[in-house]
Amino acid sequence: MLQCIFLLSDSGEVMLEKQLTGHRVDRSICDWFWDQSISQGDSFKPVIASPTHYLFQVVQEGITFLACTQVEMPPLMGIEFLCRVADVLSEYLGGLNEDVIKDNFVIVYELLDEMIDNGFPLTTEPNILREMIAPPNIVSKVLSVVTGNSSNVSDTLPGATGSCVPWRAADPKYANNEVYVDLVEEMDAVINRDGVLVKCEIYGEVQVNSHLSGLPDLTLSFANPSILDDVRFHPCVRFRPWESHQLLSFVPPDGEFKLMSYRVKKLKSTPIYVKPQLTSDAGKCRVNVLVGIKNDPGKTIDSITLQFQLPPCILSADLTSNHGTVNILSNKICSWSIGRIPKDKAPSLTGTLVLETELERLHVFPTFRVGFRIMGVALSGLQIDKLDLKTVPNRLYKGFRALTRAGEFEVRS
Amino acid sequence: MFPQFGATAESLSKASTMVFRIGTDAHLYDDPDDVSIAPLLDSKFDSEKCEALKRLLALIAQGFDVSNFFPQVVKNVASQSLEVKKLVYLYLLHYAEKRPNEALLSINCFQKDLGDPNPLVRAWALRTMAGIRLHVIAPLVLVAVGKCARDPSVYVRKCAANALPKLHDLRQEEHTSSIEEIVGILLNDHSPAVVGAAAAAFASVCPYNLSLIGRNYRKLCEILPDVEEWGQIVLIGILLRYVIARHGLVKESIMCSLQCTDSSHSEKNSSDVDFGLVKESRDMSGTCDSEFVNMVSRCYIEGPDEYLSRSSYANRVSFELNGAQFTSGKSNDDVKILLCCTSPLLWSNNSAVVLAAASVHWVMAPKEDVKRIIKPLLFILRSSNASKYVDYIRDPDRRFAADTVAAIGQCVQRLPKMTHICVDGLLALIRKEFLTNDFGSGDQEAGVLVQAIMSIKSIIKQDPPSHEKVIIQLVRSLDSIKVPAARAMIIWMVGEYSSLGVIIPRMLTTVLKYLAWCFTSESLETKLQILNTASKVLLGATGEDLWTFKKVFSYLVELAECDLNYDVRDRAHFLKKLQSCNLVSRGPEEGTNGLPEKDLHVVAEYIFGRQRRDVKAESINYRFYLPGSLSQIVLHAAPGYEPLPKPCSLLPDDLNVPEGTCSIKKGAADYGGTDGYGTSSGSSDDEEESASAYGSQRSITGSSGGSRGDDSEFTSEGNDNVDPLIQISDIGNASENENGVSQSSTNLVELMSNRALESWLDEQPGSSNPGISEQSKVRKSSARISIGDVGRRVKPKSYSLLDPANGNGLKVDYSFSSEISSISHLLVCIEVFFKNCSSETVTEITLVDEESNRALDSADQASVVDESSLLSYDNVPTLVPMEEIASLEPGQTTSRILQVRFHHHLLPLKLALFCDGKKLPVKLRPDIGYFVKPLPMDVEVFMDKESHLRGMFEYTRSCTFTDHIEELNKESGDSLLIKDKFLAICESLALKMLSNANLCLVSVDMPVATNLDDASGLRLRFSCEILSSLIPCLITITVEGKCSDPLNLSIKVNCEQTVFGLNLLNRIVNFLVECVLF
């Protein structure tokens, strides 16, 4: 099991150490680790065997979470736990950076102490943690300035620690009972140079924001669950109803959470097309990229962007567009932000690249990464049929939304 | 654009952070010691105490040692404010081990808190009390944990489960049974949260006590989906181990489908895999896979250490799993329920859970169901590799492109249907590449090209006749390809497939002429390959071409003999001799080289003419270890790695023993018949204290014991003299346990222990003196002896390298030598014995390194041997070249010292043995016991070194030892004195150690106990240093038990290099429990 957790800033400074077992880990291991990670450069390894310890590392928002162990344990467990710590801290502190961790080091210590005991995870549900250790907020800060006294440690044990739904805080009460279900999808696609769709799939999440009194029992059903290829669930989802009827039956945690994630494979079309043309001749390369709507999803497509890495053998580039703005960043990445596609014309990017002197023509071609966002549509076609509540409170508001954006959407040329 | 604006924005954001930081603990972290902390701690306001504690915490966070505040902080443990309590606990846990004396002051408070109505307070008290890890209070903690295990609050019960490993860490044998009993209670808990924590406790406290699981197996399976994710990960692993130990492997699973279907076949295969390189040809792929799975499943069960240490094949075959060790997944309910309960976990959003569930299916599920795990695992990666590779080739990153091309090659090997498309694609790529290559975009382009040709090569290998045209195309493009490695490979293909089809033979003359023409301008690699090819062609040639070839060949050899590079010259001489029969027109002068010409021809045929076996591209190293384990990733057995249990090792009888009797029996065994238990266990349990405290320590303890009365002395005392306290406590523990261990009603025990502690705290100054004197008396009564004649009797274990059956009558054994290499400290000396068991003379025996050959695989393997083994690899060769044995008469024996550098202390080294011109692959298995060399030192130095290697550098394991029984029985005919019994034990132990590892015996401590048959307290010390790093490594073995019974050994290793030390410890335990085979 884990023996020690270190938090390192982006400059390698050890901000915090939390020893977990009797086998103390000296913080000199961090120096070793930092030297190692600098000398290794880009190749990021989540599990490292140091001369004395095995190290797990997770980097989130510039902060390195480093855990040490000397004995066999599932490495994924260590990594998942560190990710959980990072998520919880980020949620508590509203983002992660060196200052915010140093400012709230007491809370970080208290959280770590509650999340892990003797190297084994103890309480990791964000809802419960929030009840045990109050997140820093403006009121408590003001209070502490004014009265010089405030405690963020709860005096009582949250009831949920003992209940059979450990993720749910006990008996919250709301005047307005609301539950929102969002389908958030990302489209991963690969289009080859002939314009053929090689891969097109949706990675989606069902995000729920629930503010319901008491102990609500929800059932969510889809109109077309058969299209789902892979699924993963929040621990609150009961496996049986899903196995037998593809129903999501669950007692939700309070607040926002990710109910499930899914994947839908082998989609037939993409909402937009991108047609790059590169012709090179006599030391020059003409670029022409056309973007337009292919299959109208019925809602506006916005935030369309196009990015590509200019080939390394290029001396200069002169690229212009008839719509949106084109920027060439310092690391030779060309970024074209289009926004919405106008009705009257198809946006296009044109220009020439000047190749290195001895090079006749281009033989490596860039890959275009496309970004877009469509509100109100789940492109996978997944549809929520209904959401039932076993005991309906007198006032209940149910809301549904959908959103699709581009994930790893690549067009090759 | 507007730098000045950027600056404003920056300062603005700075300002906003400043605002944001108000009201946080920022100032405490930045300047933790700008006020005097001590008075704040003594303040009567909670808020001031809080601030002081936060400042201390900040200092801890920044790595400062603030343990000098300990006494003041401990006082605050009684505070009513929960925040102060929490902060005090955080501080306490960090320093308790450093300041055990003061930490004891807090115990009363914890005891009080354990009775608090607030479950949070109870839980915290328990966590902290167990977390401060003092031997003295272990009995109290045990009672508290037992009580909390029945607490109404789930949270407290969960903390109780987590406290058990902390207790177990103290390694107090007398508590083991009680701890296991509590684990059993908690595993039976009705709350899933508690069961999860209990599973974790089980895994670290008593992973072998699978009968505990058996009692609750059904329930555990059913509760599994409701357990918290972290608990699920551990519990899945435990359930899998249980099912295998109880029922064996599943017949329908991948793991044993092969052994069942045709055991005789697999037996044959298992002996072929090492020695069959020559015999097996291309159709190997099918059987190879099965062999491979076979090996994997064995490794899972036996652990690589054991698997690799099997010296001979006879052994291995004897382990052949018999039919009784299998169960059917269809009829066995336990298997079914496990699979059923883990399959929904494949949907978990915790990837560790998914992997754990997937590994259960991988091992246990029927073959046809295993595919279920593929999709969830791929989903974790969030990518599918179904897309066509062709698109990646244009990727700007050329290194990636090279990898892609290699992947295409592998793809084709798996999917024969795609062959044509892929080959066409690759050819087109090559054509394009050598066009662009002229523009000099560097090494990476060359990499792509080489990779492409390598892929084609491997594709052709599968079915040469159908790819004739491809070869021709490649040969045609030879002129335009400039990369030496690529050229060499194409030339190799010419030689290899020279007799293929009808067109190639016709081209050969032209090609060879072309090659001869450009020979001088080629690079080394290509030159060697041209020579090889020419001789291959020559061998296969017939008719009129023969003359041309001969001419070209002699021209080439002549050129090569004048080459600047001596490798080339060497090769040329070699080939000239070899081909002499073909070159010289047959005449009367037969047998000029001492060998009949015919033989020479055969040799040449053999070297060049045979089919090559595919070299498995994929490394199998990572398959040694269970999927999802740390060991699998770091590629060595991490400390604590356990393979799956032996199938059916858990008998149904074990389950029927009720828990109560079980523990009572154990208790009885522990205490029965040992009058001097209190004293003897005192010295054996805490070997490190007694070891170091022996001499000079006494005076210190004496003085501190006298002045213990006043407080100031109490606090200023260093950490050094914790020993007397612990020794007293051990006596206390023992007596306390004699009374209390079997009792389950908590009240009485608690009362007693409470009283015991209080009385102890009160009476401390007074009682410590007699305690010490008693202890030292016990110590004095142990004697140190020396066993002089052991050295002579040490005979290192011999392993078999080559069986006479496989080596045409040549038998090769090896044993690790205690000699130290004079060349490099990275080398291990091995003595190799060659014996000719056949009736004919064996000639030209030599051993070379296989790996370095493979590095030059693009070239012809067999003939590159000589120069490659000399090539240095990381400056030190894997194998220092061995002096060749020119000939070995029948029945003759000879030996050679081999100096080898193992790359890994578990993985075998592949060597090639040449005899009579034949190559036999052999495997040299490393023994970590010989990766060290003796480091002579006297006891004082040993103690001193040991005292510097505490904590994380110290690891202990225990095992039983039986060797001496035979020895004793053998001599029991004579009237043996008791003293000699001890001596016999010492000797057999020392002999065992020295025969299996390269150590130096430092000292033997022998108890002069009242009980003459009691060997407890016997202690042997060994020392050595690691060859590669020269870091010392200390080994202490302490014996416990009766002379005539199996002895309990506790082996302790102190070493700075943790991983090495632990592996050495494991090895020592392994060979100590091994039986001697006479």
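Could you list all residues from region B:1046-1070 that are open to solvent by 10 Å² or more (accessible area, probe 1.4 Å) and either in a strand (DSSP E or B) or in contact (Cβ under 8 Å) with a residue 40 or more places away in the chain (or both)?
B:PRO1046, B:ASN1048, B:SER1050, B:GLU1056, B:VAL1059, B:PHE1060, B:LEU1062, B:ASN1063, B:ASN1066, B:ARG1067, B:ASN1070
Any residue at all in region A:80-90 that's within 8 Å of another protein chain (Cβ to nearest Cβ), assigned to a strand (DSSP E or B), among the hydrophobic types (A, V, I, L, M, F, W, C) and on the phi < 0 side of the Ramachandran plot?
No, there is no match, as no residue in region A:80-90 is within 8 Å of another protein chain (Cβ to nearest Cβ), assigned to a strand (DSSP E or B), among the hydrophobic types (A, V, I, L, M, F, W, C) and on the phi < 0 side of the Ramachandran plot.
Of the conditions (1) more than 25 Å from A:LEU212 (Cα to Cα); (2) not in a strand (DSSP E or B), A:ARG240 fails just one. Which one is it?
Only one criterion in (1) more than 25 Å from A:LEU212 (Cα to Cα); (2) not in a strand (DSSP E or B) is unmet by A:ARG240, namely (1).
Please go through region A:97-129 and pick out each residue that is within 8 Å of chain B (Cβ to nearest Cβ) and polar (S, T, N, Q).
Once the filter is applied, which keeps residues that are within 8 Å of chain B (Cβ to nearest Cβ) and polar (S, T, N, Q), region A:97-129 yields A:ASN104, A:ASN118, A:THR124.
List pairs: first in region A:258-277 and under 28 Å from A:ARG168 (Cβ atoms), second assigned to a strand (DSSP E or B) and open to solvent by 60 Å² or more (accessible area, probe 1.4 Å), Cβ under 8 Å, 6+ apart or cross-chain?
A:LYS258/A:GLN207; A:LEU259/A:GLN207
Restricting region B:447-484 to residues that are touching a Pro at 6+ places or on another chain (Cβ under 9 Å) and modelled with pLDDT under 70, which is nearest to B:ILE504 (Cα to Cα)?
For region B:447-484, the residue satisfying everything is B:ASP463.
Is it the case that region B:21-37 has a residue that's at the interface with chain A (Cβ under 10 Å from one of its Cβ atoms), over 50 Å from the mean Cα position of the chain (by Cα), farther than 16 Å from A:VAL106 by Cα and modelled with pLDDT of 70 or more?
no
Can you name every one of the helices (runs of 4 or more DSSP H) wholly within region B:159-258 that holds 3 or more residues which are within 13 Å of chain A (Cβ to nearest Cβ) and surrounded by 24 or more Cβ atoms within 10 Å (Cβ to Cβ)?
Hits in region B:159-258: B:192-205, B:229-247.
Restricting to region B:162-179, what's the tally of residues that are in contact with a strand residue (DSSP E or B) (Cβ under 9 Å, 6 or more places away or on another chain) and farther than 12 Å from B:ALA138 by Cβ?
2
So B:THR1038 clears everything in (1) touching a Gly at 6+ places or on another chain (Cβ under 8 Å); (2) at pLDDT below 85; (3) more than 30 Å from B:TYR814 (Cβ to Cβ) except one condition, right? Which one?
Failed condition: (2).
Within region B:132-158, which residues are within 26 Å of B:SER958 (Cα to Cα), part of a helix (DSSP H, G or I) and among the β-branched types (Val, Ile, Thr)?
B:VAL141, B:VAL143, B:VAL145
Would you pick out the residues in region B:115-129 that are closer than 20 Å to B:PRO100 by Cβ and more than 9 Å from chain A (Cβ to nearest Cβ)?
The answer is B:ALA125, B:LEU126, B:THR128, B:MET129.
Within the bounds of region A:187-200, is there any residue that is open to solvent by 40 Å² or more (accessible area, probe 1.4 Å), in contact (Cβ under 8 Å) with a residue 40 or more places away in the chain and within 14 Å of A:LEU396 (Cα to Cα)?
The answer is no, given that none of the residues of region A:187-200 is open to solvent by 40 Å² or more (accessible area, probe 1.4 Å), in contact (Cβ under 8 Å) with a residue 40 or more places away in the chain and within 14 Å of A:LEU396 (Cα to Cα).
If B:ASN108 meets every condition in (1) of a type outside the set (Asp, Glu); (2) over 22 Å from B:SER43 (Cβ atoms); (3) within 12 Å of chain A (Cβ to nearest Cβ); (4) open to solvent by 50 Å² or more (accessible area, probe 1.4 Å) apart from one, which number is that one?
Evaluating B:ASN108 over (1) of a type outside the set (Asp, Glu); (2) over 22 Å from B:SER43 (Cβ atoms); (3) within 12 Å of chain A (Cβ to nearest Cβ); (4) open to solvent by 50 Å² or more (accessible area, probe 1.4 Å) leaves (3) as the failure.
Got a sec? Which of A:GLY94, A:GLY22 is at the interface with chain B (Cβ under 10 Å from one of its Cβ atoms), at positive phi and out of contact with any Leu (no Cβ under 8 Å at 6 or more places or on another chain)?
So the residue among A:GLY94, A:GLY22 that is at the interface with chain B (Cβ under 10 Å from one of its Cβ atoms), at positive phi and out of contact with any Leu (no Cβ under 8 Å at 6 or more places or on another chain) is A:GLY94.
Run B:ARG127 past the list (1) under 22 Å from B:SER153 (Cβ atoms); (2) in contact with a helix residue (DSSP H, G or I) (Cβ under 7 Å, 6 or more places away or on another chain); (3) surrounded by fewer than 18 Cβ atoms within 10 Å (Cβ to Cβ) and report the number of the one that doesn't hold.
Result: B:ARG127 fails condition (3) only.
Testing A:LEU396 on (1) closer than 28 Å to A:VAL208 by Cα; (2) open to solvent by less than 20 Å² (accessible area, probe 1.4 Å), one condition comes back false. Which one is that?
Condition (2) is where A:LEU396 drops out.
Only residues in region B:1013-1039 that are free of Cβ contacts under 8 Å to residues at least 60 places away in the same chain and open to solvent by 20 Å² or more (accessible area, probe 1.4 Å) count as the first member; pair them with residues that are among the acidic types (Asp, Glu) and part of a strand (DSSP E or B), Cβ under 7 angstrom, at least 6 apart or cross-chain, and list the lot.
If the second residue must be among the acidic types (Asp, Glu) and part of a strand (DSSP E or B), the pairs left are B:ILE1031/B:GLU1025.
Mind checking whether some residue in region A:224-232 is away from every other protein chain (no Cβ under 14 Å), in a strand (DSSP E or B), open to solvent by 10 Å² or more (accessible area, probe 1.4 Å) and in contact (Cβ under 8 Å) with a residue 60 or more places away in the chain?
Within region A:224-232, none of the residues are away from every other protein chain (no Cβ under 14 Å), in a strand (DSSP E or B), open to solvent by 10 Å² or more (accessible area, probe 1.4 Å) and in contact (Cβ under 8 Å) with a residue 60 or more places away in the chain.
If you check B:LEU87 against the conditions, is it open to solvent by 10 Å² or more (accessible area, probe 1.4 Å), at pLDDT 85 or above and touching a helix residue (DSSP H, G or I) at 6+ places or on another chain (Cβ under 7 Å)?
For B:LEU87, the condition - open to solvent by 10 Å² or more (accessible area, probe 1.4 Å), at pLDDT 85 or above and touching a helix residue (DSSP H, G or I) at 6+ places or on another chain (Cβ under 7 Å) - is not met.
Name the residue that is nearest to the other protein chains (Cβ to nearest Cβ), counting only residues in region A:351-364 that are open to solvent by less than 60 Å² (accessible area, probe 1.4 Å) and in contact (Cβ under 8 Å) with a residue 60 or more places away in the chain.
Out of the qualifying residues, it is A:LEU359.
Please verify whether region A:43-53 includes one or more residues that are in contact with a Phe, Trp or Tyr (Cβ under 6 Å, 6 or more places away or on another chain) and surrounded by 21 or more Cβ atoms within 10 Å (Cβ to Cβ).
No: zero hits.
The values are calculated or read from the model by the stated rules, or taken from the named source; none is laboratory data. As the structure is a prediction and not an experimental result, all values here were calculated from the model. Neighbour counts run over all protein chains shown; Cβ positions are idealised from the backbone, glycine included. Ligands, DNA and RNA are excluded from the accessible area calculation, which covers all protein heavy atoms including side chains. Shrake-Rupley method; radii C 1.70, N 1.55, O 1.52, S 1.80 Å.
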